[in-house]
């Protein structure tokens, strides 16, 4: 419900793994139209459907609903665009109590790791942990919906 | 959840209005890709998101979840493809206890009325009420998702 403000960064090393929790994610898309993406996600043992509007600056309309995980599994297998994205998400809470989510991709996107923070306003201040690299918030190649159409392994000069 | 088997017919006259209940529907689509349509619907004062797969014969995979009606309203206004479909749905129970749903379209589809029944199997028997006309189950023009791209008012020779 409402709006999310997210910033996304590349990651150096794997120091974020210390003191963070790890969850397996599997997700696919019913629409990758940038005006109205529809995502099916399994996070651990829970299922979700998420609708997002077009990104404007760092803001985006988002609506998320929990659905039965067994049905999420069927929709991913039978109806979502292929390939399905699989990743481990690490949840890291920094000294300022800000939550970083670090995604280590697998399969067609293996080798890619990105970190995201969600902020209350577009100009919120925060401190970057030393393993945070280049910002890629505005680089559409890193949208999960685009990592289906053009997975990381196919990029030239990736990194 | 699961599969639905539906048959769709044109309608002669408005005799179905006697002894039937009437509900206002407003619906739009986040995806009209026939492999994976995603519909947002307001039915009376309730909101729903519905995912449907490709039609195979009369069968189709379908998953439906209730969502807050205020959010359904926002998603319809801000994110769904335009135009939004508006219609009155009449619910008519025939002598055999079979439920017919009759949709009277408004706006860009005014003038179109269709009736649908949902059946347990593809070869289930049923009796047609005398106001039931030509079957249009296999005519893709009558899919609600196609009534957005090509509304009834634009059809040549429409009835």
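Readers should treat all values here as calculations from the given coordinates under stated rules, not as data from a laboratory. Keep in mind that this is a model prediction, so the values were computed, not measured. For neighbour counting, all protein chains shown are included, and Cβ atoms are generated from backbone atoms with ideal geometry for every residue, glycine included.
Points to keep in mind about this one:
- The Rg/Rh ratio for chain A is 0.94, where Rg is the radius of gyration of the alpha carbons and Rh is the Kirkwood radius.
- Within the stretch A:1-44: backbone nitrogen closer than 12 Å to the residue A:128 label point (7 Å, Cα to C-beta): A:8-12
- Computed from the Cβ-Cβ distance with R0 of 22 Å, the FRET efficiency linking residue A:82 to residue A:45 stands at 0.45.
- Cα-projected label distance for residue A:119 with residue B:18, points at 7 Å along beta-carbon direction, nm: 6.8 nm
- Label geometry 7 Å along the beta-carbon vector: residue A:78 inter-copy distances in nm: 3.2
- Across chain B, the relative contact order, built from alpha-carbon pairs under 8 Å that are at least six residues apart, equals 29 percent.
- Prolate/oblate/rounded label for the stretch B:12-96 (Cα gyration tensor, a/c 1.5): oblate
- Compared with the alpha-carbon gap, the fully stretched path from residue B:156 to residue B:97 is longer by 17.6 nm at 0.36 nm per residue.
- Sorted from closest to farthest, the other copies place their residue B:119 label points 5.9 nm away, with each point set 7 Å from Cα along Cα→Cβ.
- Modelled spin labels at residue A:35 and residue A:141, positioned 7 Å past Cα toward Cβ, are 2.7 nm from each other.
- Among B:79, B:119, B:147, the largest mean-square fluctuation in a Gaussian network model of chain B, built with springs joining Cα atoms closer than 10 Å, belongs to B:79.
- Pairwise Cα separations in the protein assembly as shown fall into 20 Å bins from 0 onward with the following percentages, short to long: 28, 49, 20, 3.
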